[in-house]
Amino acid sequence: QVQLVESGGGLVQAGGSLRLSCAASGSIFSIGTMGWYRQAPGKRRELVARITSGGSTNYADSVKGRFTISRDNAKNTVYLQMNSLKPEDTAVYYCNADVRASSWSNTIRSWGQGTQVTVSS
């Protein structure tokens, strides 16, 4: 069993910054790709950014140049630094991680509960 716990969401004015964190705990042998998704009211969940275990990253076009994803493998934690926030960034942000519980187990994608980010204009 793996748990992902997000933190760092909140209310910020347009142009401001927030840093989200997501820590994985439980039965972890290794973690592959970790990512951040978001879902705004009435919209589908969409990829924001993801990072491989080797540090390769990719971003949604809407956040390129404003958001930075990073990870601390020793802490099983992924971060999302969000700068120059816009009202359209308002959403619930979810982290996920591709986790193997042991050397012989399959990779399972686990999700966090989500954290609300609200950007006021």
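Given the criteria of a type outside the set (S, T, N, Q), surrounded by 15 or more Cβ atoms within 10 Å (Cβ to Cβ) and out of contact with any Gly (no Cβ under 9 Å at 6 or more places or on another chain), does F29 qualify?
For F29, the condition - of a type outside the set (S, T, N, Q), surrounded by 15 or more Cβ atoms within 10 Å (Cβ to Cβ) and out of contact with any Gly (no Cβ under 9 Å at 6 or more places or on another chain) - is not met.
Pick out, from the stretch 1-67, the strands (runs of 3 or more DSSP E) lying fully within it that include 2 or more residues that are not polar (S, T, N, Q).
2-7, 10-13, 18-26, 30-39, 46-51
State which residue is least open to solvent (accessible area, probe 1.4 Å) when the search covers only the stretch 5-26 and only residues that are touching a strand residue (DSSP E or B) at 6+ places or on another chain (Cβ under 6 Å) and at positive phi.
Result: G8.
Out of the stretch 32-55, which residues are closer than 16 Å to Y79 by Cβ and open to solvent by 60 Å² or more (accessible area, probe 1.4 Å)?
The answer is R50, S53.
Scan the stretch 72-94 and give yes if some residue there is without any contact (Cβ under 8 Å) to a residue 60 or more places away in the chain, within 17 Å of V119 (Cβ to Cβ) and either of a type in the set (S, T, N, Q) or touching a Leu at 6+ places or on another chain (Cβ under 6 Å) (or both), otherwise no.
Looking through the stretch 72-94, at least one residue is without any contact (Cβ under 8 Å) to a residue 60 or more places away in the chain, within 17 Å of V119 (Cβ to Cβ) and either of a type in the set (S, T, N, Q) or touching a Leu at 6+ places or on another chain (Cβ under 6 Å) (or both).
Tally time: how many residues in the stretch 91-108 are out of contact with any Lys or Arg (no Cβ under 9 Å at 6 or more places or on another chain) and surrounded by 16 or more Cβ atoms within 10 Å (Cβ to Cβ)?
Residues meeting the conditions: 3.
The values are calculated or read from the model by the stated rules, or taken from the named source; none is laboratory data. As the structure is a prediction and not an experimental result, all values here were calculated from the model. Virtual Cβ from ideal backbone geometry, glycine too; neighbours counted across all protein chains shown. SASA here: full protein model, heavy atoms, side chains in, ligands and nucleic acids out. Shrake-Rupley method; radii C 1.70, N 1.55, O 1.52, S 1.80 Å.
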